[in-house]
1. With more than 30 Å from Tyr297 (Cβ to Cβ) and among the charged types (D, E, K, R) as the only criterion, which of Glu223, Glu181 stands out?
2. Before we move on, is Val68 surrounded by 13 or more Cβ atoms within 10 Å (Cβ to Cβ), at pLDDT 75 or above and assigned to a helix (DSSP H, G or I)?
3. Quick one: in the stretch 106-121, of everything that is in contact with a Lys or Arg (Cβ under 7 Å, 6 or more places away or on another chain) and aliphatic (A, V, I, L, M), which residue is most open to solvent (accessible area, probe 1.4 Å)?
4. Any idea which residue in the stretch 122-149 is nearest to the chain's Cα centre (by Cα), counting only those that are exposed (fewer than 12 other Cβ atoms within 10 Å of the Cβ) and either under 13 Å from Cys111 (Cβ atoms) or without any contact (Cβ under 8 Å) to a residue 24 or more places away in the chain (or both)?
5. Which of the following residues is under 47 Å from the mean Cα position of the chain (by Cα) and either surrounded by fewer than 11 Cβ atoms within 10 Å (Cβ to Cβ) or touching a residue at least 40 places away in the same chain (Cβ under 8 Å) (or both): Met294, Met216, Met261?
6. If you take the residues of the stretch 31-58 that are of a type in the set (Ser, Thr, Tyr) and out of contact with any strand residue (DSSP E or B) (no Cβ under 9 Å at 6 or more places or on another chain), which of them is modelled with the lowest pLDDT?
7. Please work out which residue is farthest from Ser42 (Cα to Cα), limiting yourself to the stretch 71-89 and to residues that are open to solvent by less than 90 Å² (accessible area, probe 1.4 Å) and among the aliphatic types (A, V, I, L, M).
8. Looking at (1) open to solvent by 70 Å² or more (accessible area, probe 1.4 Å); (2) over 28 Å from Met294 (Cα atoms); (3) part of a helix (DSSP H, G or I); (4) not hydroxyl-bearing (Ser, Thr, Tyr), find the lone condition where Asn229 falls short.
Amino acid sequence: MDSLEKQLICPICLEMFTKPVVILPCQHNLCRKCANDIFQSSNPYLPTRGGSVTSGGRFRCPSCRHEVVLDRHGVYGLQRNLLVENIIDMYKQEYISSRPSPERKVDQPMCEVHEDEKINIYCLTCGVPTCSMCKVFGSHKDCEVAPLNSIYQTQKTELSDRIAMMVGNNDRIQGIISQLEETCRTIEENGRRQKSKVCEKFDHLYAILEDRKSDMNLKVNAEQEEKLNYIRALTRKYGDHLESMTKIMETGIQTLEEPEMALFLQNAKPLLQKIAEASNTSHLERVERGYENMDHYSVSFKRQGRALRNIDFARDDDEEEDDEVEVGADVAGRPGQTASGEVDSLNEALPPLLPPQPLSTRRPATSS
C-alpha cells in the first residue's frame, strides 16, 4: 500500500492527486490545479479569466522536463486520467476500512523544571503536583508532600460530591423554573379572565344606556306624534273653513253680477247671513305660543359623566354583588335590570324623563 501511495503523489504539491487528474503527453500525471499553477508561472503574460489561462501556451513537465504544448483551451484541454482517479478512490476506501482505530494514549506529564522527571508526588503546601527532584533539590524541598494516588482519590471524591451537590441544586433550580413558568401561565389566565369580566361589566353598562335611550326616545316620539296629529287635524279644520268661505265668496261675486234687483235682494240677505257666520272663527281652536317646543325633554349628564370618569376597579374593602337583580318593570311592562358595582350606581344616577303635561291642560286657546 505504501508503494502504491507513492505512485499517487503529485510531483508539484507532494500530496495525493486531487481530482481532476490530467495526463500529459509524456504520460506523467498532475493535478489540474497544479498543472494550471505551473502553467501560469511559465506564461505570466498570457491573458487569464477567473485565475485560469484561457489561451494556448506551453510549459515543461516537472518530472521529465518534456515540453507540453497546449491548445486554445489551456490546461482544460488536457485529457483526464480517469484510471488514476478511480485508483485514488479505491485506495482511499481501502485505507479507511483497513486503518485501525487509534488507541488513546495516556501521556504522563513531565516536570517543567526537570524535563526528564515524571510528576509523581503532590505538594500539600503549594497545592500543586510536582516531581521527586523538586522535593529533594528544587523549590519544594521544604514543603509537605503526599503520594499522588492518595490525593487523587481524595480530590476525586470531593469533586464527585460537589458535582452531585450541583446536580441537586440544578434539580432544585429546575423545579423553581417550572414553578415560575406555571406562575406565568396562571397570571396570563387570570388576566384574560379579569379582562373578560371587565368587558362583561361594560357591555352590561352599554345595554343599560341603550335601554334608557330607547325609553326616552319612545316618550319623545309619543308626544311628537300626538302634537303632530293634533296640528294636522287643526290644519284640516282651517282648510275646510277656508274652502267654505271661498265658496261663499264666489257666490257673493255671482250675486253682485245679478242685474235683476228683486232677484238680487232675494239672495243678498241669506248670503249676508252666511258671510257673517263664516267670518266668525271663534269655534276654531288656536295653537298656544310655544306649543311646538320640546325642550322639557332635555337631559343633563354632567353627574353621570363624572360617575363614568370615576369608574375604577373595586377596592379590597368594597363589596361587589355577583348576581344581577331585577328591580321591577317600567310603565310599558318591560322588566328593568341593574348591574353590580359601578353599574348599579350609574343606573340609579340616570336622570328621570320628565313626563309631558296632558294635552287637555295645554289645549290651544279659542278665538273670541
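The values are calculated or read from the model by the stated rules, or taken from the named source; none is laboratory data. In this text, all values refer to a predicted model and were calculated from it rather than measured experimentally. Cβ coordinates were reconstructed from backbone atoms using ideal geometry, including for glycine residues, and neighbour counts include every protein chain displayed. Side chains are part of the model used for accessible areas, which takes the heavy atoms of the whole protein and leaves out ligands, DNA and RNA. Shrake-Rupley method; radii C 1.70, N 1.55, O 1.52, S 1.80 Å.
1. None of the others qualify; the one that does is Glu181.
2. Details: surrounded by 13 or more Cβ atoms within 10 Å (Cβ to Cβ): yes; at pLDDT 75 or above: yes; assigned to a helix (DSSP H, G or I): no.
Criteria not met by Val68.
3. Here the residue is Met110.
4. So in the stretch 122-149, the residues exposed (fewer than 12 other Cβ atoms within 10 Å of the Cβ) come out as 125, 127, 136-137, 141-142, 144, 147, 149.
Applying the additional criterion that residues be either under 13 Å from Cys111 (Cβ atoms) or without any contact (Cβ under 8 Å) to a residue 24 or more places away in the chain (or both) yields 125, 127, 136-137, 141-142, 144, 149.
Working: Thr125: 63, Gly127: 58, Val136: 74, Phe137: 74, Lys141: 72, Asp142: 72, Glu144: 68, Asn149: 62 Å.
Ranking the qualifying residues of the stretch 122-149, first place goes to Gly127.
5. On the way: Met294 fails: under 47 Å from the mean Cα position of the chain (by Cα); Met261 fails: under 47 Å from the mean Cα position of the chain (by Cα).
Checking each option against the conditions leaves just Met216.
6. Filtering the stretch 31-58 for residues of a type in the set (Ser, Thr, Tyr) gives 41-42, 45, 48, 52, 54-55.
With out of contact with any strand residue (DSSP E or B) (no Cβ under 9 Å at 6 or more places or on another chain) added as a condition, the list becomes 45, 48, 52.
Details: Tyr45: 65, Thr48: 57, Ser52: 53.
Only one residue fits best here, namely Ser52.
7. The extreme case among them is Ile87.
8. (2)
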